[in-house]
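Values in this text are rule-based calculations from the coordinates and carry no lab data. Model, not experiment: these values are computed from the prediction. We place every Cβ from the backbone using ideal geometry, glycine too, and count neighbours over all the protein chains shown.
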Amino acid sequence: MKLTPTAFLELFDINLGEEIRDYENWFFEEGLKISESVDRMGTVHLKMFDRFGNRTDELLYPSEYYRMLHKAYRMGIIARPFEEKSLKFFYILGYVTSFFDPGLYCPYTVSMATAMSVYKYADEKVRDEYFPKMIRKNDNLWQGATWMTEAGGGSDLANNVETIAEYNNDKWTLNGEKYFSSNAGAELAIVAARVKDKPKHVKNLSLFLVPRYKKDGTLNYFIRRIKDKIGTRSVPTGEIELKNSEGYLIGKEEWGIYLILEALNISRVANSIGSVALAQRAVYEAQKFASRRVAFGKSIIDHPLLKRQFEDKSSQLLKAFALAWECVLMLDEVLFQKPPYSEKYTLFRLLTHLAKFWTAEIAVQNCKWAMEVNGGMGVLSEYPVERLLREAMILPIWEGTPHRQVLDALEVIIKKDGHKLLCAHLENLGEKASEIYELGERLKQMNPEEAEKNADIYINDISQLTAEALVKKYRIIF
Ligand SMILES: Cc1cc2nc3c(=O)[nH]c(=O)nc-3n(C[C@H](O)[C@H](O)[C@H](O)COP(=O)(O)OP(=O)(O)OC[C@H]3O[C@@H](n4cnc5c(N)ncnc54)[C@H](O)[C@@H]3O)c2cc1C
């Protein structure tokens, strides 16, 4: 198995260029040390007041953190996809980033989701004011954030979004609290809210753009505190208070849920790409240790059991990447669609649920396994492997839990015959398509409770079969 992220990507004939290789080299030489020290530092400090008692809500990361963060922005991780009308560069750079630091990919991902929402759906005046600031290729770029989840829970947004948006004197103001808000401190955030007096219903969610500062220069939202997380410490996740915050409606009022899901889908594909990258890093760290550790007279990697496990892990990584990358290719095809969406969008949605669900689990399993291969060294926090498992545990949860992915995939199959679209898509890649068709039909024939009860088992099988079919697109020799 090729060990570095760029060497792995090349197995899939992905065109990289020198700057991506330079980015990878920078991480090996310098970035990884910065990333590790940010992780070890723990929760970033929130400085809430100035000496005169005014709220400032500043995050005190060391300057090296910003050097690391700005690198990909300077390379155009947000700008280039809009120039090229393709997200490939965004996801390739995300793969390399996540190999070293999956938390660092979060600011880029939520910035991209925000920029895409503004680009596609904001009023011309709002777009002209804010979009150019988001696609700068320098340190003055405005970052984005996507804040939907509230204290009642993130899975059921329809019933748990209590943030209220009110329209008065030609302006929207928002009041409420967001409980898990990554990239807290971002210059712009897209925020889910309910318009005043509308009852709780998924179709009554709307999406708003909320800048960090009001027009008069005062804070437009407040950071109540920063979460103390087990991993992804290179992105600050906070609790946000919206108090008469100025906002701009994005798209039509009744389109909120579609726009939220569009933003989430960009993130779910990023999560899948990041999960495979972290899973690869786990194999990389396991291989580095196992090649040098000697037991019973030879390197542990040369013992038959471990040798087979390494082969299994390598082959599974290829399948996982093929599945995640198919989402990237498919997203490029539907990127500028708006509701009502095409069948291709439905297929993209299904693939994305499968990929988010399946790859995050592989990341967790690989990181656990890498720890076992490293033996006692695996659990010591001074070495790299212990961190990997902490990082991995966040991947299945944010952007929608495994249950959510499984139940949403089930819905696409039951309501939209998603499995038939998937089979047609995989038709030329062998007999896996007919197995997927069978599983989808069996789910459809069950009563709803039975289908829901067994959904994880079926969706796991469908994900694996899809990945096995897709990897055949690439003639990989390793
Ligand atoms: C580090 C981190 C950063 C985050 N950043 C953001 C962010 O920037 N913006 C944002 O909006 N959110 C963010 N989140 C929130 C994240 O999206 C939620 O944690 C996630 O959606 C789950 O919501 P919850 O934690 O409230 O769990 P809940 O929704 O309360 O769910 C609890 C459990 O119940 C399960 N469950 C729920 N419904 C069902 C069902 N029908 N059947 C079976 N099981 C079910 C869930 O799968 C889960 O296992 C972040 C989370 C983390 C951990």
Compactness index (Cα Rg / 2.2 N^0.38 Å), region 125-273: 1.01
Quick check: from the Cα gyration tensor, does region 198-277 come out rounded (a/c under 1.5), prolate or oblate? oblate
Within region 239-320, DSSP-loop chymotrypsin sites (Phe, Trp or Tyr not before Pro) with at most 16 other C-beta atoms within 10 Å are PHE296
Classify region 5-134 from the C-alpha gyration tensor, please: rounded if a/c falls under 1.5, else prolate or oblate depending on whether a/b exceeds b/c. oblate
Assigning unit charges at the beta carbon (Lys, Arg +1; Asp, Glu -1) and nothing else, what dipole magnitude in debye, to the nearest 20, does region 257-473 show about its Cα centre? 620 debye
How many Å³ per residue does the convex hull of the Cα positions in region 257-473 occupy? 130 Å³
Which net charge results for the neighbourhood of LEU335, defined as the other residues with beta-carbon distances under 12 angstrom from its beta-carbon, given Lys and Arg at +1 and Asp and Glu at -1? +1
Using only the alpha carbon atoms of region 369-478, find the Kirkwood hydrodynamic radius as the inverse mean reciprocal pair distance, in angstroms to one decimal. 16.3 Å
Once the in-chain neighbours fewer than 8 apart are removed, the lysines whose Cα is under 23 Å from LYS288 read LYS2, LYS33, LYS298, LYS307, LYS313, LYS319, LYS368
Of the chymotrypsin sites (Phe, Trp or Tyr not before Pro) in region 314-388, those whose Cβ has at most 11 other Cβ within 10 Å and which sit in DSSP loop: PHE336
Counting other C-beta atoms within 10 Å, which of ASP417, ASP216 has the fewest, and how do the rest follow? ASP216, ASP417
Compactness of the chain, expressed as Rg and Dmax over alpha-carbon positions, Å: 22.3, 80
Cβ charges +1 (Lys, Arg) and -1 (Asp, Glu), total dipole of region 160-208, debye: 240 debye
Listed residue (HIS45, PHE12, ALA79) projecting farthest to the positive dipole end of region 5-134, Cβ model: HIS45
Across bins of 10 angstrom width beginning at 0, how are the C-alpha pair distances of region 198-332 distributed, in whole percent? 10, 21, 26, 20, 12, 9, 3, 0
Any chance you could list P(r) for region 231-270, counting all Cα-Cα pairs in 10 angstrom bins from zero, rounded to whole %? 21, 33, 41, 6
Sorted by Cβ neighbour density within 10 Å, fewest at the top, the residues ILE230, ILE240: ILE230, ILE240
Within-11-Å neighbourhood charge of ARG387 [Cβ basis; K, R +1; D, E -1]: -3
Counting Lys and Arg as +1 and Asp and Glu as -1, each charge on the Cβ, what is the dipole of the chain about the Cα centre in debye, to the nearest 20? 500 debye
I'd like the distance between the alpha-carbon centres of region 29-53 and region 195-232, rounded to an integer number of Å. 23 Å
Longest site-free stretch - the chain; sites: GluC sites (Glu not before Pro), DSSP loop, at most 12 other Cβ within 10 Å: 1-381
Does region 259-307 classify as rounded, prolate or oblate by the C-alpha gyration tensor (a ≥ b ≥ c root eigenvalues; a/c under 1.5 gives rounded; else a/b over b/c gives prolate, otherwise oblate)? prolate
